[in-house]
Every structure is written in structure tokens, then in C-alpha cells.
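Beneath this line is the structure, given in C-alpha cells, with notes to follow.
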Amino acid sequence: MASKLVAKLFRPRVFTQLASLRSGCMFRGKAAAVEGTRHFSSDPPPEKISRYPIPYRKDLPYDIVELMEEVESKGGFLPNVFKVLSHRPAEFRAFFAYYNELMNKETGRLTKADRELIVVATSIHNKCLYCVVSHSALHRIYSKKPTLSDQVIVNYESAELSPRERAILDFAMAVCRCDTITEQHFQSLEEVGFDHEDAWDIAAIAAFFAMSNRLAHLT
């Protein structure tokens with residue numbers, strides 16, 4: 001089960017690119033991988049990454065350890081979010097299960113790039129640097145558009161978005177800002193080919209990452 005989840009959640013090429021980021025959003029990774037150094041939850045962290053304790057690997061449930069080790073073996077490093085959430089195993093499992101359902105589902109009309117762009121736009125509004133940097137990198141990989149996520153970070157309203165991308169982000173931002181959602185919001189999505197289930201997906205991603213953004217601020 002852990003293997004199946006990891007295969008959907010993460011891709012080796014994604015981890016390789018994210019490992020080079022030095023913003024503190026993801027673990028150091030690439031340099032450590034080159035030197036043959038591997039950081040597990042059982043190791044003392046090289047820097048303080050959370051206000052909350054990072055459990056030793058030997059004290060964690062086996063399924064969580066298995067998932068962590070597989071993620072690290074595929075990408076060469078373990079993202080900080082895994083370490084921080086591991087001190088609450090039940091929430092760890094629920095978090096990544098829901099993440100997988102929202103971001104890697106094969107149904108609906110949203111692409112992986114669309115989903116990542118939603119995270120970038122809403123996370124910049126929520127002032128979460130962790131998610132902005134990591135998910136803008138993912139968007140660049142999936143979309144093959146090297147500058148669009150940067151434009152969205154500066155101001156999504158002036159970014160060079162397609163009509164469907166603009167409709168997606170307008171709807172996501174309305175949810176993110178807690179605007180009153182009206183039939184006009186749904187109609188704007190329908191005009192570019194989306195239905196009510198797609199609207200649910202957009203809203204759920206915006207809502208899920210609002211929680212994730214705030215947990216990042218907390219920890």
C-alpha cells in the first residue's frame with residue numbers, strides 16, 4: 001500500500017529538482033545525496049525545522065517509516081513536512097491520503113499543472129513560503145511553462161493565463177478569500193468547460209492547502 005501511495009504522490013524527477021531548492025521549503029537533499037549522507041526521522045535534524053518534536057524513526061509506526069524510507073530512496077531526501085507531521089501518526093496518514101486524492105486523481109478535467117497552480121495562487125495569498133516555492137517548482141515541471149507560476153506569485157490577475165486557467169484561479173481565490181460563492185462563480189467555470197464536480201475539486205484543493213499553509217505557520 002505504501003508503495004502504491006508513493007508512486008502516486010511523488011516522481012523521482014520532481015524530487016531531484018526540488019532537492020536543489022535552498023529556501024528552507026524542502027530538505028537539503030541533493031548535496032547530501034551526492035555525499036552519500038541520508039537523513040531519516042531518527043537522525044538529529046541539522047537545523048531546527050519545527051517548534052514540535054521530530055520523533056526518532058525507531059519510535060514511529062512501521063507503515064509511516066516504510067513510506068518515509070521509500071520517499072527518501074526515490075528522491076534522495078525527506079521533505080520536512082513528513083518529519084513534522086510524523087509526531088501525530090493518525091493525522092500523518094489522513095493528511096497524505098487526502099493529499100493523494102486531491103492532487104493525483106485521474107478523474108475530472110483538472111490537470112496536474114492546474115492543481116499545482118491553485119496551490120501556488122492560494123498559498124501566496126496565505127503567505128506560506130514553504131508551499132509557494134515547492135509547488136511552483138512542481139508546476140514548472142508539469143506545465144513546461146518556466147515563468148507562469150512566478151507571474152502568479154507576483155499577481156495572478158496580471159499573469160499570462162489562458163481563459164481556463166484564469167477561471168480556475170478566480171474560483172480558487174474566491175474560496176481562499178472566503179467570498180460568498182454564487183451561481184455566477186459556477187457559471188464562469190462552466191463557460192470554459194468545467195462542471196460542478198470540477199468546481200468541488202478546485203475548492204477542495206484551495207481549502208486543503210489553506211489548512212496546510214496554516215500548519216506550516218504554526219510549526
Problem set entry | Among (1) on the phi > 0 side of the Ramachandran plot; (2) in a helix (DSSP H, G or I) - the single one G108 does not satisfy | (2)
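For the structure I just gave you, tell me whether E165 is over 30 Å from E91 (Cα atoms), among the acidic types (D, E) and part of a helix (DSSP H, G or I). Write out each step before concluding.
Values: over 30 Å from E91 (Cα atoms): yes; among the acidic types (D, E): yes; part of a helix (DSSP H, G or I): yes.
In short, yes.
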Exercise. Which residue pairs have Cβ atoms under 8 Å apart, sit 6 or more places apart or on different chains, and have a first residue in region 54-79 that is touching a residue at least 60 places away in the same chain (Cβ under 8 Å) and under 20 Å from A90 (Cβ atoms) and a second that is open to solvent by 70 Å² or more (accessible area, probe 1.4 Å) and assigned to a loop (DSSP other than H, G, I, E, B)?
Worked result: D63/M1
Problem set entry | Neighbours by Cβ (under 7 Å, 6+ apart or cross-chain): first from region 195-217, within 17 Å of V133 (Cβ to Cβ); second among the small types (G, A, S) and surrounded by 15 or more Cβ atoms within 10 Å (Cβ to Cβ) | F209/S123; N213/S123
Exercise. Is there a residue in region 193-206 that is among the β-branched types (V, I, T) and either in contact with a His (Cβ under 6 Å, 6 or more places away or on another chain) or open to solvent by 50 Å² or more (accessible area, probe 1.4 Å) (or both)?
Worked result: no
Exercise. Of the residues D150, D114, D198, D179, which single one is farther than 30 Å from N80 by Cβ and assigned to a helix (DSSP H, G or I)?
Worked result: D198
Seminar exercise, completed: Reported set for region 84-117 where residues are open to solvent by 10 Å² or more (accessible area, probe 1.4 Å) and over 29 Å from V152 (Cα atoms) is H87, R88, P89, A90, E91, R93, A94
For this session: Give the residues of region 118-131 that are within 12 Å of the chain's Cα centre (by Cα) and open to solvent by 10 Å² or more (accessible area, probe 1.4 Å), sorted by residue number.
Result: L129, Y130
Problem set entry | region 137-151, residues that are within 19 Å of L102 (Cβ to Cβ), crowded, with 18+ Cβ neighbours inside 10 Å and at pLDDT 95 or above | H139, S149
Seminar exercise, completed: Listed by first then second residue, the pairs whose first member lies in region 117-144 and is assigned to a helix (DSSP H, G or I), whose partner is open to solvent by 10 Å² or more (accessible area, probe 1.4 Å) and aromatic (F, W, Y), with beta carbons under 6 Å and at least 6 positions apart or on separate chains, are A121/Y156
For this session: Go through region 170-219 and give me each residue that's of a type outside the set (V, I, T) and in contact with a Leu (Cβ under 7 Å, 6 or more places away or on another chain).
Result: F171, D198, A199, D201, A204, F208
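The values are calculated or read from the model by the stated rules, or taken from the named source; none is laboratory data. Since this is a predicted model, take the numbers as computed values, not measurements. Quick reminder, even Gly has a Cβ in these numbers, built from the backbone with ideal geometry, and neighbours come from all protein chains shown. Just so you know, the surface numbers come from the protein's heavy atoms only, side chains and all, with ligands and any DNA or RNA stripped out. Shrake-Rupley method; radii C 1.70, N 1.55, O 1.52, S 1.80 Å.
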